[in-house]
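Structure first, commentary second.
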Amino acid sequence: MAEKTFNLTRDMLDHTFADLVTPDREKLLTCIQCGTCTASCPTAYAMDYTPRQLWRLIQLGLKEEVLTSNSFWLCTACYLCTLRCLRGIACTETMSTLKRMAVSMGMEKLSSSARFYEAFRDTVRRHGRLHEVELMATFFGRAKRLGAMGYTRLGFTLWRKGKVSLDASAVNIRGLDQIEAIYRKVEELEAKP
């Protein structure tokens with residue numbers, strides 16, 4: 001596999017980027033690239049840039065490269081990287097900030113992981129809990145992928161055994177109005193500067 005190279009010309013770098021994404025820029029800049037965060041991360045194997053690589057890209061100011069990656073979307077917020085970081089870098093908080101920043105800049109549309117999160121959020125908002133069939137239909141619809149075809153046999157088997165229901169109203173919980181109130185409050189808080 002060929003390694004990716006970067007053109008580190010001045011117009012490509014944003015040295016203020018680290019200030020925007022981490023609660024403590026100075027700590028992030030002291031990252032010694034030891035790899036403890038990556039070794040601790042349960043989803044690093046699936047990321048296009050491991051946490052260690054992501055911190056280095058942030059240090060260099062490669063904002064677009066960072067925000068178009070899938071790495072922070074795959075973060076499970078388990079805090080293992082933060083707990084084990086030798087320099088005390090707020091890794092998990094930085095990953096969360098990157099998610100918010102990508103959404104605010106409209107860059108989340110580039111990520112299938114972001115589409116999955118949106119589909120999950122919307123399904124839970126409608127029903128109060130997960131409806132698997134709706135989640136997958138919404139996700140594959142937004143992703144415009146034919147990948148759903150590979151899951152039809154599994155889906156049919158689960159439906160036949162009564163493990164999933166095609167009737168979305170069957171999963172609705174009582175108190176959906178309270179769930180909706182929570183979502184509205186979050187949207188209100190996120191809209192504030």
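Laboratory data are not the source of any read-out in this text; all were calculated from the coordinates shown. Worth saying up front: this structure is predicted, and the values here are computed from it rather than measured. Backbone-built Cβ (ideal geometry, glycine too); neighbour counts: all protein chains shown.
Just want to confirm a number: the relative contact order over region 111-191, from Cα pairs under 8 angstrom separated by 6+ residues, in percent.
Numbers: 53 pairs, mean separation 28.0, N = 81.
So the answer I get is 35 percent.
Provide the gained length on full extension for the span LYS185 to ARG121, in nm with one decimal, where the gain is 0.36 nm per separating residue minus the Cα-Cα distance. Don't skip to the answer; put the middle values down first.
Details: separation 64, 0.36 × 64 = 23.04 nm, distance 1.45 nm.
Gain in length upon complete extension: 21.6 nm.
Semi-axes, largest first, in whole Å: what does sqrt of 5 times each Cα gyration tensor eigenvalue give for the chain?
Working: eigenvalues 244, 83, 53 Å².
Taking √(5λ) for each eigenvalue gives 35, 20, 16 Å, largest first.
Show me, bin by bin at 10 Å from 0, the whole-percent P(r) of region 10-107 based on Cα pairs.
17, 56, 25, 1
Taking a threshold of 24 Å on the Cα-Cα distance, which of the pairs LYS63/LYS185; LYS4/LYS27; LYS27/LYS185; LYS27/LYS99; LYS99/LYS163 fall above it?
On the way: LYS63/LYS185 30 Å; LYS4/LYS27 26 Å; LYS27/LYS185 33 Å; LYS27/LYS99 20 Å; LYS99/LYS163 33 Å.
Correct reply: LYS63/LYS185; LYS4/LYS27; LYS27/LYS185; LYS99/LYS163.
What percentages make up the Cα-Cα pair-distance distribution of region 111-191 when the bins are 10 Å wide from 0?
Taking all Cα pairs of region 111-191, the binned fractions are 18, 40, 32, 10, 1 percent.
How far is it, in nm, from the label point at LYS163 to the one at GLN33 when both lie 7 Å from their Cα along the line to the Cβ?
Result for the modelled spin labels: 4.5 nm.
Report the calculated FRET efficiency for PHE156 and LEU20 (r = Cβ-Cβ distance, R0 = 41 Å), to the nearest 0.05. Intermediate results must be reported in sequence, preceding the final value.
Working: r = 47 Å, r/R0 = 1.14.
Step by step, r from the Cβ atoms, then E = 0.30.
Using only alpha carbon pairs under 8 Å that are at least six residues apart, calculate the relative contact order of the chain and give it in whole percent. All intermediate terms of the calculation are to be shown ahead of the outcome.
Working: 193 pairs, mean separation 31.7, N = 193.
Computed over the chain, the figure is 16 percent.
Check the cysteines of the chain one by one and keep only those with no other cysteine Cβ under 4.7 Å from their own.
Taking the Cβ cut-off of 4.7 Å, the unpaired cysteines of the chain are CYS31, CYS34, CYS41, CYS75, CYS78, CYS85.
What is the packing order of peptides 48-60, 67-79, 157-169, taking the mean over residues of other C-beta atoms within 10 Å and listing the highest first? Could you put the intermediate results ahead of the total?
Values: 48-60: 20.5, 67-79: 18.0, 157-169: 11.4.
Highest-to-lowest ranking by the protection proxy: 48-60, 67-79, 157-169.
Highest mean first, what order results for 91-104, 29-42, 176-189 on Cβ atoms within 10 Å? Working shown, then result.
Values: 91-104: 18.7, 29-42: 16.1, 176-189: 10.9.
Going from most to least packed, we get 91-104, 29-42, 176-189.
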